[in-house]
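Participant: Sharing a structure below in structure tokens format, with a few things to ask.
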Amino acid sequence: MNQLFRLFVGVLVLFATKTYSQTNNPPPEKQITNSNGVWLGFYTKYHFNEKWAYYGEYHVRKRNGFSEMAQLYLRFGATYTIQKYLDFTAGIVLPFYWAPNSEDPNVDEVVPQYRLWQQAVLATPFDHIKVFHTLRTEQRWRRDYKQDSPFELTYRFRYKLTVYVPLNKPAFENHTLFVSTYNEIFIQAGKSIVYNYFEDNRTFLGLGYNLSEQFQVQGGYMFTFRHKGSPYHYEQRHIIRLSLYHHMDLHLYRHREERPIPIH
């Protein structure tokens, strides 16, 4: 009985000591760094018929203003129109990342990544504004910048809410100036994701202009708040975005009604 009592007292002391230690040794404070960059994008959507289209995105991303190369980003996909206000796209992504510390002899200056992706876009049928809900999933095989690092599979889930508001005309047509804004949240998962399932949150505000039925330009400012890998390290990015959109119907029959989801 005395041995059981001593064991019980010992467990209580150990628990109290651990609790006191945790209370008097709080976790490190959250670290937040700031960076800036410029992202240039070219978006395409080419319809072969009323149901099928080719979708492409091509990006050049710079950091520290426009001085350093950060990423070359190529996204390819096939889009199927399920119904008037709903598109589904699937395809591959080939991004290339430039190491921020490329002078280190133990790292590769440029590291590729391989992805599969799927996306559903739902357009909301309002008369004078355009609202899009985008749900995107990605399967990513990525590696560290360190030489001979293995590729690891992770998963990413993205939701974006986008709103376009025309300024100089009641609806969207040629030579329409509009406000463009969106917010997108990124959640990641996988065996190597240990510290934080939250990856990024992006907010964009800018202006766009419909040059013609086929071409549109957009430019603006994007703020992102993202997790940097270690448990308490986050980054705030200030990005200038400039984008060109090109949309074409390649089949002979041109549907007169405007497509609710031309490019997104």
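Participant: It is to be established whether one or more residues within the stretch 22-34 are open to solvent by less than 90 Å² (accessible area, probe 1.4 Å), farther than 30 Å from R140 by Cβ, modelled with pLDDT under 55 and not in a strand (DSSP E or B).
Facilitator: Yes, that holds for at least one residue.
Participant: Out of curiosity, is Y195 loosely packed, with under 13 Cβ neighbours inside 10 Å, closer than 29 Å to R142 by Cβ, under 20 Å from the mean Cα position of the chain (by Cα) and modelled with pLDDT under 95?
Facilitator: The answer is yes for Y195.
Participant: How many of the residues in the stretch 101-121 are open to solvent by 80 Å² or more (accessible area, probe 1.4 Å) and either in contact with a helix residue (DSSP H, G or I) (Cβ under 7 Å, 6 or more places away or on another chain) or modelled with pLDDT of 90 or more (or both)?
Facilitator: Selection size over the stretch 101-121: 2.
Participant: Go through (1) outside any strand (DSSP E or B); (2) closer than 19 Å to H246 by Cβ; (3) β-branched (V, I, T) for T162 and report which single condition fails.
Facilitator: Only one criterion in (1) outside any strand (DSSP E or B); (2) closer than 19 Å to H246 by Cβ; (3) β-branched (V, I, T) is unmet by T162, namely (1).
Participant: Looking at Y209, Y197, Y182, Y164, which one is in contact (Cβ under 8 Å) with a residue 12 or more places away in the chain and closer than 19 Å to Q236 by Cα?
Facilitator: Values: Y209 fails: closer than 19 Å to Q236 by Cα; Y197 fails: in contact (Cβ under 8 Å) with a residue 12 or more places away in the chain; Y164 fails: closer than 19 Å to Q236 by Cα.
Being in contact (Cβ under 8 Å) with a residue 12 or more places away in the chain and closer than 19 Å to Q236 by Cα holds for just one of Y209, Y197, Y182, Y164, which is Y182.
Participant: Something else about it: Would it be correct to say that Y145 is among the hydroxyl-bearing types (S, T, Y), more than 26 Å from G206 (Cβ to Cβ), open to solvent by less than 70 Å² (accessible area, probe 1.4 Å) and in contact (Cβ under 8 Å) with a residue 40 or more places away in the chain? Break it down stepwise before answering.
Facilitator: Values: among the hydroxyl-bearing types (S, T, Y): yes; more than 26 Å from G206 (Cβ to Cβ): yes; open to solvent by less than 70 Å² (accessible area, probe 1.4 Å): yes; in contact (Cβ under 8 Å) with a residue 40 or more places away in the chain: yes.
Judged against the criteria, Y145 is a match.
The values are calculated or read from the model by the stated rules, or taken from the named source; none is laboratory data. None of these values were measured; they are calculated from a predicted model. Neighbour counts are summed over all protein chains in view; Cβ atoms, including those assigned to glycine, are modelled from backbone coordinates with ideal geometry. With ligands, DNA and RNA removed, areas are computed over all heavy atoms of the protein, side chains included. Shrake-Rupley method; radii C 1.70, N 1.55, O 1.52, S 1.80 Å.
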